[in-house]
Amino acid sequence: MPTRLIGTLILTLAAAAGTLGLLATLGPDWTHFAPATCLATHCFCETPRTGALVLQPSNSWSSFGFVIIGIWIALGNFRRADGPSSAFADLPAVWFGLTSIVIGVGSFLLHATLTLWGQFFDVLGMYLTSAFLIAYAVHRWRGLNGSTAIGLYLALCAVLIGFLIAIPETRRWLFAVVLIGGIILELGLARPKRPGIEVRWFIWGIALQATAFAIWILDLTGTWCNSTDLVQGHAVWHLLNAAALYSNYLYYRSERA
C-alpha cells in the first residue's frame, strides 16, 4: 500500500509537471487558438485570469482528482494488488484507470486554455470512459470474447470522436445519452451475469454523479457563483465525478472471477 501511494503521488506530480510544460510551450497567449465553444456564452462561473498560463486555476487543478484516481487504479492492477479473486483486472482495469487520467488531463487543458483543442481533449476522456461502460456491459451481457469487445469499444470511440470533430456543439447531450445508455445496459442486462457483484458501489456512483450534475447546473447558470472564489461549483463537480468513477471501479472489482 505505501508503495502504491508513493507511486501515485510521484506519477501525479510528473503528470502535472508535464502538462504545465506543454502549456508553457504553447501559451500563455491563448487568443492565438480557436476558442472553446462555451465562450459563446461563458465557460462556467470562474473568471479567467487574463494573460495567465492557467486561465481558470480552480477548475483546472481540481481536474487532477481524475488523474490521482486513474493512476491509483492502474498501479493496483499492474501489480494485481486487488487479488486474483476479482474478475476485473489486467487490461480492462488498467485501461479504465488510464481513461480517468485522460479525463483529468483533458479537463485541465480545457480550463487552463479555454481553447477548442483543449475542449476536444476534455470531451475525449469522457467519451473513452462512457464507451467503456457500454462495451464492458455488452461484453458481459452477450458473452463477447475479448477481441470482439475491443472491436466494439473502438467502433464506439470512433463514432463519438467523429461527432466531436464534426459537430462539437453536441458534445454534452451526446455524452449524456451514452452515459445513461451505459447505466441502463449495466444495471438491466449485465449485472445479473456478474457473480458476487456489489451493486451498492454502482448506486453510490450514480448518486455522486447526480449530485455533481446538480452543482454543475448551479455553476453554469450562475445560481452558485462567486467568480473569484477558490472553491468553484465546477471544481466540486470534478471531484465528485472522480469519486463516482472510483465507485464504478469498486463495483467492477467486486465481481468474482
State all residues of region 230-239 that are surrounded by fewer than 24 Cβ atoms within 10 Å (Cβ to Cβ) and not in a loop (DSSP other than H, G, I, E, B); if no residue qualifies, say none.
236, 239
Can you tell which of 165, 197 is among the aliphatic types (A, V, I, L, M), in contact (Cβ under 8 Å) with a residue 24 or more places away in the chain and either under 16 Å from residue 252 (Cα atoms) or touching a Gly at 6+ places or on another chain (Cβ under 7 Å) (or both)?
197
All but one of (1) under 23 Å from the mean Cα position of the chain (by Cα); (2) in a helix (DSSP H, G or I); (3) surrounded by fewer than 22 Cβ atoms within 10 Å (Cβ to Cβ); (4) touching a residue at least 24 places away in the same chain (Cβ under 8 Å) hold for residue 9; state the number of the condition that does not hold.
(4)
Between 242, 214, 210, which is open to solvent by 40 Å² or more (accessible area, probe 1.4 Å), assigned to a helix (DSSP H, G or I), closer than 22 Å to residue 68 by Cα and of a type in the set (Gly, Ala, Ser)?
210
Does residue 86 meet the test of being over 22 Å from the mean Cα position of the chain (by Cα) and within 23 Å of residue 2 (Cβ to Cβ)?
yes
Taking region 219-257 and keeping only residues that are aliphatic (A, V, I, L, M) and at pLDDT below 90, one is left with 220, 230, 231, 257
Members of region 167-200 found to be part of a helix (DSSP H, G or I), charged (D, E, K, R) and open to solvent by 50 Å² or more (accessible area, probe 1.4 Å), listed by number:
169, 172, 191, 193, 200
From the list 149, 87, 166, exactly one residue is in contact with a strand residue (DSSP E or B) (Cβ under 7 Å, 6 or more places away or on another chain) and small (Gly, Ala, Ser). Which is it?
87
Has region 126-133 got at least one residue that is touching a helix residue (DSSP H, G or I) at 6+ places or on another chain (Cβ under 8 Å), within 26 Å of residue 39 (Cβ to Cβ) and hydrophobic (A, V, I, L, M, F, W, C)?
yes
Go through (1) open to solvent by 70 Å² or more (accessible area, probe 1.4 Å); (2) touching a residue at least 12 places away in the same chain (Cβ under 8 Å); (3) farther than 30 Å from residue 143 by Cβ one by one and return the number of the condition residue 253 breaks.
(3)
Which condition number in (1) touching a helix residue (DSSP H, G or I) at 6+ places or on another chain (Cβ under 9 Å); (2) free of Cβ contacts under 8 Å to residues at least 40 places away in the same chain; (3) open to solvent by 70 Å² or more (accessible area, probe 1.4 Å) is the one that residue 221 fails?
(1)
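The values are calculated or read from the model by the stated rules, or taken from the named source; none is laboratory data. These numbers were taken from a predicted model, which means no experiment stands behind them. Cβ coordinates were reconstructed from backbone atoms using ideal geometry, including for glycine residues, and neighbour counts include every protein chain displayed. Heavy atoms of the whole protein, side chains included, go into the accessibility calculation; ligands, DNA and RNA do not. Shrake-Rupley method; radii C 1.70, N 1.55, O 1.52, S 1.80 Å.
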